[in-house]
Amino acid sequence: MAGRSSLLEAELTCPVCRDIYRDPVLLKCSHSLCGTCLQQCCRANGPWKCPVCRRSCVSLSAPLNLALKNTCEAFLQERRQGAAAGTEFLCHLHNGKLKLFCLDDQTPVCLVCQTSKKHENHKFRPVQEVTKEYKEELRAALKPLQTKLKVFNRVKQTWEQTAEHIKSQAKQTEKQIQSDFEMLHLFLRYEEDKRLAALRAEECDKTQMVKKKIETLTLGISNLLSKIRLIQQKLGAEGVSFLMVSITYKSRKRLTILEDPGKFSGALINVAQHLGNLKYRVWESLADDIEYTPVVLDPNTACPHLSLTNNLTSVRYTTRRQLPDNPERCGIYTCVLGSEGFCAGKHYWDVGVKGKTSWILGVAKESIDRKEEFSMIPAGGVWTVEQCYGSYRANTLPATPLRVRRKPERIRVQLDWDRGELSFSDLSHNTLLYTFKHRFTEKVFPIFCCGSDSIPLYIFSVKVNVK
């Protein structure tokens, strides 16, 4: 079987390049050459002769030997399939073992290929030697790819956790929205019932009053009809008899004229009282029960050790939770930021610190690196005052101790961004603690650090004025 293959290969080998024919052309002498080999031979100086029969070939144009081309392609295809099915790769041209590697063409070749014209003046190295070198290069290239794969898997896991957290956030937020609106619905239903009850009460009072008026008028009408009938009967008398009756009525003053019932006001429903500015009056009543907090905490910035209330106005230290490591989240300190930053105007917020052993309050620049251990000083973009186990200080460089006679319970943080002032006051005892002066150049966010005790920090609500 191998002998037949070798004989067929010999018949299909170009006499010039010693490779299997590629696009073979038919010469006038009936021999064949590769199309490229014919072109190369024709470029040589002097008359060109067939390399097989040595006959002169004057014409440079030769027709394609289609039958030979198809046979060569079928032979090469069969060889490739046979090599793929075996355990050892063989040269697709010469069916020999691939023992050398051509550095110029970057391909493994057999010993026959090495001596062929196609690889003339090429450099070769043993396959084993090149394999070892290439494996080392691939191993070196594999390490950064494996490292990159770990990064991608880690980031993918983070995004998967983020997707789950988004679902949890949406579900919890939806539940809170429904709860808050249910409270509003209850209030509106109460206001509606109250106003409808007032309308029905007025309707009842006015109806009773009108009913009494009608009863009085009905009685008066009945009396008048009786008198009219009596007088009409007397009018039937004549002469002396009529005069005697008439004199008798006059003497007894029984011909009395009743008072005119007249008209009366205030009988109708006071529609204006019920409908006038109804929405405003309901809103005004609603405002008495509504709480407005000047700063709302942003849960997406909260350290995993912090737990926020549903209304986002209180925070406390707790066991670490599994949360997405998003860029906005504080990674080192047990901090949380306000949801809204300030880049102009005056703002203030009051914070309850009663019973806490440590806390930090103030503002921080938007550009601080929240994942790293940033400096809690103005040079680091943070302006804060803190309390740590009875010691109070403003975080400057060096720190500024604060004299506090009585332990504060309510701290007011007051920012005047335009004037560059940030003040801290003890509202419990009406005392100014400290004032930072700085020319702010970017947006700042309220920052809250609640230490490691379980007592919450909470932001006081303010009264809403709807006047």
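So here's what we get for this one:
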quantity	calculated
Boolean, R405 is touching a residue at least 24 places away in the same chain (Cβ under 8 Å) and either in a loop (DSSP other than H, G, I, E, B) or in contact with a helix residue (DSSP H, G or I) (Cβ under 8 Å, 6 or more places away or on another chain) (or both)	yes
Filter result for L286 (touching a strand residue (DSSP E or B) at 6+ places or on another chain (Cβ under 8 Å) and either modelled with pLDDT of 95 or more or over 30 Å from K407 (Cβ atoms) (or both))	no
Those residues of the range 106-140 which are part of a loop (DSSP other than H, G, I, E, B) and loosely packed, with under 14 Cβ neighbours inside 10 Å, in sequence order	Q106, E120, N121, K123
Residues of the range 391-416 satisfying the condition of being of a type outside the set (D, E, K, R) and over 19 Å from M376 (Cα atoms)	V404, P408
Tabulated pairs, the range 178-197, first in a helix (DSSP H, G or I), second among the aliphatic types (A, V, I, L, M), C-beta under 7 angstrom, 6+ apart or interchain	F187/L286; E191/V282
Among residues of the range 403-432, those that are surrounded by fewer than 19 Cβ atoms within 10 Å (Cβ to Cβ) and over 15 Å from H347 (Cβ atoms), counted	13
Members of the range 48-72 found to be surrounded by 14 or more Cβ atoms within 10 Å (Cβ to Cβ) and at pLDDT 85 or above, listed by number	N65, L68, K69, T71, C72
Close pairs from the range 275-297: first more than 27 Å from L196 (Cα to Cα) and surrounded by 14 or more Cβ atoms within 10 Å (Cβ to Cβ), partner modelled with pLDDT of 85 or more and hydroxyl-bearing (S, T, Y), Cβ under 6 Å, at least 6 apart	T293/T313; T293/S461; V296/S339
Scope the range 420-440; condition more than 21 Å from S367 (Cα to Cα) and in a loop (DSSP other than H, G, I, E, B); matching residues	L427, S428, H429, N430
In the range 344-367, residue nearest to the chain's Cα centre (by Cα) [restricted to those that are of a type in the set (V, I, T) and surrounded by 19 or more Cβ atoms within 10 Å (Cβ to Cβ)]	V363
Residues of the range 172-195 that turn out to be β-branched (V, I, T) and either modelled with pLDDT of 95 or more or surrounded by 11 or more Cβ atoms within 10 Å (Cβ to Cβ) (or both), as a count	1
Number of positions in the range 441-457 that are part of a loop (DSSP other than H, G, I, E, B) and surrounded by 22 or more Cβ atoms within 10 Å (Cβ to Cβ)	1
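Yes or no, residue by residue, for (1) farther than 21 Å from L297 by Cα; (2) not β-branched (V, I, T):
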position	(1), (2)
S367	no, yes
S391	yes, yes
E409	no, yes
S423	no, yes
T435	yes, no
I447	no, no
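The values are calculated or read from the model by the stated rules, or taken from the named source; none is laboratory data. For clarity, every value in this text was computed on a predicted model and none was experimentally measured. Please note: Cβ atoms are built from the backbone with ideal geometry, for glycine as well, and neighbour counts cover all protein chains shown.
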